[in-house]
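All remarks here apply to the structure that follows.
Where a number appears in this text, it was derived from the coordinates with a stated rule and is not lab data. All of these numbers come straight from a predicted model, not from anything done at the bench. Heads up, the Cβs are rebuilt from the backbone with ideal geometry, glycines too, and the neighbour counts pull from every protein chain shown.
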Amino acid sequence: MQSDRSPEIGSTVAIQKNVFNSLLSKLKEQGYEIVGPHVENETLVYAPIAKLEDLPRGFVTEQEAGSFRLVYTGHTRYFDIIPGAQSWKQYLFPSRAELFTLRKADGTWNMETPRPTAPAYAFIGVRGCELAAIQIQDNAFLRGDFTDPIYRAAREKAFILAVNCLHPASTCFCASMGTGPRVEGDADLTLTELEDVFLLNVGSELGRNILSGLPFESASAFVLNAANRGLERAAQQMGRSMDTSDLPDLILNNLDHVHWREIGERCLSCANCTQVCPTCFCWDATDTLSLDGNQTRRERVWDSCFNPGYSYQAGGNTRPTIHSRYRQWMSHKLGTWKVQYGTFGCTGCGRCITWCPAAIDITVEIANLRKEIR
Amino acid sequence: MATHVHSHSPASPTERLLEPVWAEVTAITPEAEGISTYWLKFSDPAVAAAYTFQPGQFNMIYLPGYGEAAISICSDPESTSVIGHSIRFVGNVTRAISRLKVGDVVGVRGPFGSAWPMKEMEGHDVIIACGGIGLPPLRPAIYHIMNHREKFGKVFLLYGARTPKDMLYPTEFEEWERAGIQVQVTVDRADEDWQGQVGVVPMLFYRFRMDAPNSVVLTCGPEIMIRFVVYEGLARRVPADQIYVSLERNMKCGQGSCGHCQLGPYFICKDGPVFRFDTLQPYFNVEEF
Amino acid sequence: MSPHKPTLAVYKFSSCDGCQLSILNMEDELLDLAGALDIAYFLEATRAERPGPYDIAIVEGSITTPHEVERIKEIRRQAKVLIALGTCATSGGIQALRNFTDAKALANTVYDHPEYLHYLDTATAIAEHVAVDLELWGCPVNKGQVLEVISALLNNRRPNLPAYSVCLECKRRGTICVLVDKGIPCIGPATQAGCGAICPTSGRGCYGCFGPTRSTNLDSLTNILTKLERTPGETVRLYRGISGYAPAFREIADELLKEAK
């Protein structure tokens, strides 16, 4: 039975796939800048999308440690693709942002602060691991004692359409980190793609509002079952897993272990893992001073604990060796993060595994550390 | 889903990202070779009136185009019309600061970080052990003790410098002594006029008798000195939770946001720079951590 | 012209002029530059030649002839601050490929009358001959970095030049890693940032023209690259490119060749 009333919050409805374009149009009408997975220059990125056909239908990704391949199989699903290197972090915590510009006139500096002008983004296709990552960054950027104005400006306005993950990649380990494949966090809408229909779970008033007026039916027990079975299968098909039972102690009690040095022999200290990580939040500030010394632009850029300058201070470098930097990264993700924010800094998305040119695998390194200690 | 953060107008101080307020250099006091104290007065009277700090806290001093440096506040916390910062000229920003003149304007953010436990110290003996540029962050604690001398037991200052010429605030030692602070100083290398101790700061622990269970140790200085001061304290049975250390790392944001100054679970700029030693113990001896 | 403005001299040694052109290509900023500095010697830009000493001397190119050895010493004497500009001046550049072979044999092959040539057996960086105050890498240099260095000199501060790898520049601009995504050999992980990740953004691997990073792990990168070789010896050729005579790249390529033998 078709309905054009508003669905209840908490309910799950089914829409025909072509109705999704009306949903996107509605988001656009409401002023959202819609972004989602998109194939561009023969690779997978997050980019502005306008219609369902802009999504990477027919593509899959083959991911292994140190290797990513976008493959066209011709399948008919729009949301089957596992994310690539990019993450939603690039919208909420842009890699480069102006903080202020100072101009000197008559001996005094005048500050021009750009008002945060982030558009209202609609994120289409946020995986469970990615939603968890956004919530982890919320903890870092939206604290009680300090809120980051750039992050907040984008985050407050963001519309999130999450997607339950039915075909995880071999580098995924979200099931063991408790962040997927089923979306667990708060999303405005959560989508499950079946062969003929999209199921949409309504998570907020905003999600309900976007659906209202569109032709939907309530999801039948049959399709709900199909979705559940798919998610159970996905959890079992997860390519990797992380045993978190003895974390963070395993790391924090073995900071002097020789294993770190062994990883340091392979690690390039290139910082790729931190840049693709959807939770890494470190940043640096730079000044660009004009030749006459009367104008300076202060910017914030992504930084990384793998950069030589990161731990430099007058008198030397706190972490001069590559292994000490790797240890800092991993002991933060799976150790001290928990002390700082109550959760791990890892969601099991697998990006750091796929995008490490040296194929260093965080799940393998933890397992090996554990083995070497026993 | 959109997330909602309450009650922050865009200009809320907890939401400013590296935006400084301006302060004028009112005086520059040369202290030693390569170290001077810069006295700053906030240009905006409202900012000046509202500004308070606790002993041990630091400010970020900003020179437009050069960047920021974390500098401990070294002046009396009960006299904030001008704020003192003893600065050693070692890096890009501090060397630029060394070229400032009275009347020049700098950016300031702060105060940031944790403070010496002045309240918890009341009723206890206090041992202040510091070396080199580690004295300035302790000077506000000394002033606080002098302002409220009756609240504290015996107070010892153990201070070391490389040479007699590197000693900071030597003209004040007499006044501190008069206020009932026993000042013990030492140098690594004596010159011909030096009549005092030669040696390292931890050695000064042998120069007085302490009531260890009732003592609080405050220490700041080179990391190696801190290690040995802590060792001397613990060896004399000062409880680990009565030893406080102030650490330095490359603080950048001061708000526990940019990540640079982490030591294990701590952001030194926010959770430190002053730590109770027992909370640091698991990480303190890990090499390159 | 104000007598207080610092004087600038720009010199060319063995090079293609591309780095000097990067200065001239600044367009918007060139007027500011001319306003801040007194350009006393810059043949590419102006015929005016005024004698030294100069506050700042910028030197493009590598040292490849006996005459150049003498000339750079004289320039050093005339310059308060000497900047080596570009990869030729900092590592020897592409002409340093001759250092890996017999220069005389090359000359005999290329020229009808090699006896008229006066050349050194090697092409080497400026710093191998005189003290250099600042090195700016790149083939060509990045104009933003040139401005940054001049601004730093004029304002008495440390220039803000990244010490990290090209990987960060790829990520910051959203470029997907060509090494992981396409299996294209890329030495960006071991190359100093500064270019803005031009090559990977165009779908090509980085060939290291900004020189090796200070903190790198070339042994590990070499293990990765040798597995990705599309033709035998590709890794050696990558290291032995434009910055091939930079010590870190030179040594790892030498090692690889030794192993191959």
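Descriptive notes on the structure:
- For peptide C:214-223, the mean count of partner chain Cβ atoms within 10 Å of a residue's Cβ comes to 5.
- Cα convex hull of segment B:13-112 - mean projected area over all directions, nm²: 6.1 nm²
- At q = 0.11, 0.18, 0.20 Å⁻¹ the log10 of I(q)/I(0) for segment C:166-260 amounts to -0.27, -0.73, -0.91, computed by Debye summation with a single uniform scatterer per C-alpha, solvent ignored.
- Volume of the Cα convex hull of the protein assembly as shown, divided per residue and given in Å³: 208 Å³
- q = 0.11 Å⁻¹: log10 I(q)/I(0) that the Debye formula gives for segment A:1-114, counting C-alpha atoms only: -0.58
- Segment B:11-59 and segment C:50-128: distance between their alpha carbon centers, rounded to Å: 51 Å
- At q = 0.19, 0.23 Å⁻¹, base-10 log of I(q)/I(0) for segment B:118-246 (Debye sum, equal scatterers on each alpha carbon): -1.04, -1.52
- As a ratio to 2.2 N^0.38 Å, the alpha-carbon radius of gyration computed for segment C:7-155 takes the value 1.08.
- Here A:N21 and B:V102 are evaluated by their C-beta separation; at R0 = 45 Å the FRET efficiency comes out at 0.10.
- Distance-filtered residues of segment A:165-183 - backbone nitrogen under 14 Å, label point 7 angstrom along A:E64 Cα→Cβ: A:170-171
- Kirkwood analysis of the Cα pair distances in chain A returns a hydrodynamic radius of 22.3 Å.
- Greater than 26 Å apart at Cα, pairs in B:K41/C:K5; B:K119/B:K165; A:K104/C:K171; B:K101/B:K165; A:K371/C:K227: B:K41/C:K5; B:K119/B:K165; A:K104/C:K171; A:K371/C:K227
- In range of the label at A:A50: residues from segment A:115-141 whose backbone nitrogen is under 20 Å from the point 7 Å along Cα→Cβ: A:119-125
- Partner chain coverage, peptide C:151-164 - average Cβ within 10 angstrom: 6
- Separation of the B:V47 and C:L31 label points, Cα + 7 Å toward Cβ, nm: 3.4 nm
- Packing-based ranking, highest mean first, of C:113-119, C:56-62 given that Cβ atoms within 10 Å are counted: C:56-62, C:113-119
- Measuring spread by the Cα atoms of chain C yields a radius of gyration and Dmax of 19.4, 62 Å.
- Each of the peptides A:8-16, B:169-177 was scored by the mean count of other Cβ atoms within 10 Å over its residues; in descending order, highest first, they stand as A:8-16, B:169-177.
- Among the cysteines of chain A, those whose beta-carbon sits 4.7 Å or more from every other cysteine beta-carbon are A:C165, A:C172, A:C267, A:C282, A:C305, A:C346, A:C356.
- FRET efficiency, 1/(1 + (r/R0)^6) with R0 45 Å, evaluated for A:R115 and C:L21 via beta carbons: 0.70
- Fluctuation leader among A:T61, A:T321, A:T288 - chain A, Gaussian network, Cα springs under 10 angstrom: A:T288
- Counted over chain B with a bin width of 5 Å, the fraction of Cα pairs per bin, in whole percents, is 1, 5, 12, 16, 18, 17, 14, 9, 5, 2, 1, 0, 0, 0, 0.
- Under 5 Å between amide hydrogens, built in the peptide plane, is the criterion, and for A:Q313 it picks out A:T318 among residues at least 5 positions away or on other chains.
- Burial ranking of peptide ranges B:183-195, C:172-184 (average Cβ count within 10 Å, highest at the top): C:172-184, B:183-195
- For residues of A:147-160, the mean tally of beta carbons on other chains within 10 Å: 4
- Candidate lysines - alpha carbon under 20 Å from A:K28, same-chain residues fewer than 8 apart omitted: A:K17, A:K51, A:K157
- For the protein assembly as shown, calculated [θ]222 nm from helices alone, where every DSSP H run of n ≥ 4 adds -39500 (n - 2.57): -7500 deg cm²/dmol
- Placing dummy labels 7 Å off each Cα toward the beta-carbon, the span from B:E192 to B:R162 is 2.2 nm.
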